Amino acid sequence: MSAVLIRHLQEYIGQKVEVEGWLHQKRSSGKIQFLQIRDGSGFVQGVLVKEEVDPEVFENAGHLTQESSIHLIGEVKKDDRAPSGVELLIKDIALIHPSHEYPITPKEHGVDFLLDHRHLWIRAPRQRAILKIRAEIIKAIRSFLDSREFTQVDPPVLTPSSCEGTTNLFNTKYFDQDAYLTQSGQLYMEAAAMALGKVYSFGPAFRAEKSKTRRHLIEFWMIEPEMTFVTHEDNLAIQEALIEHVVNHVLTHCKMELITLGRDISKLESIKAPFPRMSYDEAIQFLKDNGHEIEWGEDFGAPHETALAAQFDRPVFIEKYPTTIKAFYMKPDPDRPEVVLCADLLAPEGYGEIIGGSARIDDPELLLQRFEEHQLSKEDYAWYLDLREYGSVPHAGFGLGLERTIAWICGLEHVRETIPFPRLLYRLYP
Ligand code: 4AD
Ligand code: MG
């Protein structure tokens with residue numbers, strides 16, 4: 001007999017099975033002990049009745065401590081009240097390894113304490129649920145893009161120059177040269193798009209930002225699709241279809257996890273394309289009308305984004321920002337060159353920008369002009385300028401921030417719980 005995963009116990013009702021896992025929690029009423037058992041695939045309640053087992057088994061179970069690893073033999077019983085639909089009537093328990101004074105107890109702990117013990121905290125039901133949803137979101141993004149004939153391309157992590165400005169670059173040595181950890185794979189994805197048409201990358205990005213907010217990580221993961229021969233409108237259409245698909249996938253495959261997290265599922269059920277669109281101009285007017293102090297030409301802060309998003313029950317695109325506050329590579333609107341063909345997608349419920357994207361400058365002369373304005377070195381980016389020399393084409397793309405998307409879908413207060421081992425302003429451990 002080999003062990004059955006807790007997730008599959010429902011298929012074994014009435015049968016004797018083996019389960020291998022850990023003791024999550026325990027309570028006793030003298031003659032009956034209730035053991036909450038977890039094995040990574042799920043949680044199940046084990047019931048140990050004094051009169052039905054060997055006295056030694058009952059006695060030893062009484063001494064089991066939280067997070068001891070155990071091997072059990074028991075009978076699977078249907079239990080409609082249990083989230084797993086079953087419970088395990090335990091016949092025998094063997095200790096694999098004891099656990100001594102597990103630091104995370106059922107009482108409340110402070111966030112710093114939990115983050116110091118992140119390697120153990122991820123065993124908790126909430127954290128497990130988040131990591132499961134993270135994996136499903138990644139799966140959904142890949143299946144969406146793969147089924148639309150995008151090719152995955154992996155850009156480098158160590159780079160000789162910046163993509164999103166030089167203020168938040170992580171510097172390192174590359175033998176006797178300077179190198180930086182990537183902020184975004186976009187420029188490389190533009191090269192890849194010229195080779196493969198529709199491409200996407202999925203990898204870590206690094207920003208040495210001295211910001212300590214609920215939306216910022218120092219190391220985060222980004223999905224960056226890049227497409228040739230598409231318009232700004234096409235770019236937005238694919239983004240809203242992607243987000244709708246991801247939310248649907250989570251609703252279908254992660255109901256239990258959303259319930260564990262206490263997520264208001266009705267809020268996710270209303271996420272249907274098309275998403276509303278507001279121009280930057282309209283957004284500024286809206287903010288002014290609602291008592292915010294902001295002028296045309298300024299970038300939005302978190303309170304502005306929250307106010308803008310609060311008007312809608314689904315994400316909203318804010319389009320066509322002033323050229324002066326956006327990246328050098330963004331294509332100007334031909335009708336109004338003071339704004340660019342870009343959009344930020346703001347999630348509902350105050351989660352902020354989950355996607356940033358734009359059409360890219362395809363005109364070689366204009367790109368050179370931007371290089372001058374932004375004081376970028378033509379030598380450092382010679383390869384990027386080449387892309388406009390050898391058959392430049394209209395193209396566009398975007399970057400989806402994985403952790404902010406997870407925080408929104410899971411309804412979490414802070415992005416730090418969305419990544420297995422968060423890198424924060426004052427945290428590199430564990
Ligand atoms: O808006 P950003 O900076 O855009 C780019 O990097 C483009 N090159 C992407 C592209 O067009 N290929 O970042 C994209 C997204 C943001 O919308 C946000 O969701 C996320 O990445 N992001 C962060 N997430 C967590 N912590 C941070 N410090 C983040 N910075 C950006
Ligand atoms: Mg952005």
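Overview of values
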{"item": "Spatially proximal aspartates and glutamates relative to K267 (Cα-Cα < 15 Å; intrachain offsets below 8 disregarded)", "result": "E244, D313, E349"}
{"item": "For region 129-184, diffusion coefficient by Stokes-Einstein and Kirkwood Rh (Cα), 25 °C, 0.890 mPa s, µm²/s", "result": "176"}
{"item": "Under-5 Å amide H pairs with T65, H placed in peptide plane, nonlocal only", "result": "S99"}
{"item": "Part-to-part distance (alpha-carbon centres) for region 48-79 and region 291-331, which is given in Å", "result": "58"}
{"item": "Whole-Hz couplings from phi, Karplus 6.51/-1.76/1.60, listed for region 32-42; x for Gly and Pro", "result": "10, 10, 10, 10, 8, 10, 10, 9, x, 7, x"}
{"item": "Gaussian network model of the chain, Cα within-10 Å springs - most flexible of G357, G401, G40", "result": "G40"}
{"item": "Cα gyration tensor of the chain - equivalent ellipsoid semi-axes, whole Å, descending", "result": "50, 23, 20"}
{"item": "Sites matching GluC sites (Glu not before Pro) across region 354-430 that sit in DSSP coil, with at most 11 neighbouring C-beta atoms within 10 Å", "result": "E379, E413"}
{"item": "Loop chymotrypsin sites (Phe, Trp or Tyr not before Pro), region 178-285 (other Cβ atoms within 10 Å of the site Cβ: 16 or fewer; DSSP)", "result": "F229"}
{"item": "Enclosed volume per residue, in Å³, of the convex hull spanned by Cα atoms of region 27-161", "result": "200"}
{"item": "Greater than 27 Å apart at Cα, pairs in K132/K272; K50/K77; K26/K50; K91/K255; K212/K326; K50/K78", "result": "K91/K255"}
{"item": "For the chain, built as a Gaussian network whose Cα springs stay under 10 Å, the top-fluctuating residue of G301, G85, G291", "result": "G291"}
{"item": "Backbone HN-Hα couplings from phi across region 318-328 [Karplus 6.51/-1.76/1.60, Hz, Gly and Pro as x]", "result": "9, 10, 6, 7, x, 3, 5, 9, 10, 5, 4"}
{"item": "DSSP bridge orientation in the chain - percent antiparallel, rounded to nearest 5", "result": "90"}
{"item": "Area accessible to solvent at V393, 1.4 Å probe radius, in Å²", "result": "20"}
{"item": "Fraction of accessible area attributable to carbon and sulfur, the chain (%, probe 1.4 Å)", "result": "52"}
{"item": "Distance from region 14-28 to region 106-152 (C-alpha centre basis), Å", "result": "25"}
{"item": "Point-to-point label distance, V157-S29, nm (Cα→Cβ direction, 7 Å offset)", "result": "5.2"}
{"item": "Derived scalar couplings ³J(HN,Hα) [region 2-11; Karplus, 6.51 cos²θ - 1.76 cosθ + 1.60; whole Hz; x for Gly, Pro]", "result": "10, 5, 9, 6, 3, 4, 9, 4, 4, 7"}
{"item": "Nearest-ten-degree value, helix 364-373 long axis tilted from longest Cα axis of the chain", "result": "80"}
{"item": "Positive dipole terminus of the chain, leading residue within N171, A208, I104 (C-beta point charges)", "result": "I104"}
{"item": "Value of [θ]222 nm, deg cm²/dmol, for the chain, DSSP H segments ≥ 4, -39500 (n - 2.57) each, nearest 500", "result": "-9000 deg cm²/dmol"}
{"item": "GNM result for the chain, Cα springs below 10 Å: residue of S358, S69, S147 fluctuating most strongly", "result": "S147"}
{"item": "Accessible solvent surface per residue of the chain, calculated while the other protein chains remain in place, 1.4 angstrom probe, Å²", "result": "48"}
{"item": "DSSP-loop trypsin sites (Lys or Arg not before Pro) across region 209-279, with at most 13 other Cβ within 10 angstrom", "result": "K210, K212, K272"}
{"item": "Amide H contacts of Q25 (H built 1.01 Å from N, under 5 Å, at least 5 apart or other chain)", "result": "Q36"}
{"item": "P(r), alpha carbons of region 303-367 - 5 Å bins starting at zero, rounded %", "result": "4, 20, 24, 19, 14, 11, 5, 3, 0"}
{"item": "Under 5 Å, built H, 5+ apart or other chain: amide partners of S279", "result": "E319"}
{"item": "Debye intensity ratio I(q)/I(0), log10, region 199-287, q values 0.15, 0.19, 0.25 Å⁻¹ (C-alpha model)", "result": "-0.98, -1.26, -1.12"}
{"item": "Förster-model FRET efficiency, 56 Å R0, A3 and E349, C-beta, rounded to 0.05", "result": "0.85"}
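The values are calculated or read from the model by the stated rules, or taken from the named source; none is laboratory data. Remember, predicted model here, so these are calculated numbers, not experimental data. A quick note on method: Cβ atoms are made from the backbone with ideal geometry, for glycine too, and the neighbour counts reach across all protein chains shown. For accessibility, only protein heavy atoms count, side chains too; no ligands or nucleic acids. Shrake-Rupley method; radii C 1.70, N 1.55, O 1.52, S 1.80 Å.
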